[in-house]
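Read through the structure below, which is laid out as structure tokens, and then see the notes.
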Amino acid sequence: MGMALLGAVATAVYGADLPDSAPEAARETLPGALATGDASLISAGREAFVHSMQYASVAGSLILLAGAVLAVALLRRGGGPRKQLAPTH
């Protein structure tokens with residue numbers, strides 16, 4: 001689920017950063033923008049790709065931080081050492 005979430009974030013940011021006039025292929029992927037041959041669209045596609053990777057990296061970092069905080073909270077709530085039962089024979 002983590003990779004799917006990060007991919008969804010990156011795809012959403014990439015598509016939102018491109019101009020509305022960009023062709024559908026360019027709005028879907030960076031290679032689509034590069035294939036157009038339009039210098040301004042290629043530049044916009046590259047900038048949108050970098051921007052989308054930055055957002056995905058921040059989202060991934062926040063997910064990892066939330067997991068770490070949750071792990072610490074659950075481990076602390078577990079209590080101290082458990083009493084060992086005396087062996088019965």
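A few comments on the model shown:
- Low-density loop positions, trypsin sites (Lys or Arg not before Pro), segment 1-85 - DSSP coil, at most 13 other Cβ in 10 Å: ARG82, LYS83
- Other residues lying with their Cβ under 14 Å from the Cβ of GLY15 contribute a combined charge of -4, Lys and Arg counting +1, Asp and Glu -1.
- In degrees, nearest ten, helix 2-17 long axis to first principal axis of the chain (Cα): 30
- Expressed as a whole percent, the accessible area of segment 1-54 that falls on carbon and sulfur atoms is 65 (1.4 Å probe).
- Extension gain for THR88 to ARG76 (0.36 nm times residue separation, less C-alpha to C-alpha distance): 1.2 nm.
- Computing semi-axes √(5λ) of the Cα gyration tensor in Å directly from the structure and comparing it against (1) 50, 11, 8; (2) 44, 11, 9; (3) 24, 13, 12 singles out (1).
- Computing FRET efficiency as 1/(1 + (r/R0)^6) for LEU65 and ALA39, where r is the C-beta to C-beta distance and R0 is 41 Å, gives about 0.55.
- Integer Hz, Karplus 6.51/-1.76/1.60 couplings in order for segment 18-26, x for Gly and Pro: 7, x, 4, 7, 5, x, 4, 4, 6
- Here the Gaussian network model covers the chain, with springs between Cα atoms less than 10 Å apart; of LEU62, LEU34, LEU70, LEU70 fluctuates the most.
The values are calculated or read from the model by the stated rules, or taken from the named source; none is laboratory data. Everything numeric in this text was worked out from a predicted model, so none of it was measured. Methodologically, a virtual Cβ is constructed for each residue, glycine included, from the backbone with ideal geometry; neighbour enumeration extends over all protein chains shown. With ligands, DNA and RNA removed, areas are computed over all heavy atoms of the protein, side chains included. Shrake-Rupley method; radii C 1.70, N 1.55, O 1.52, S 1.80 Å.
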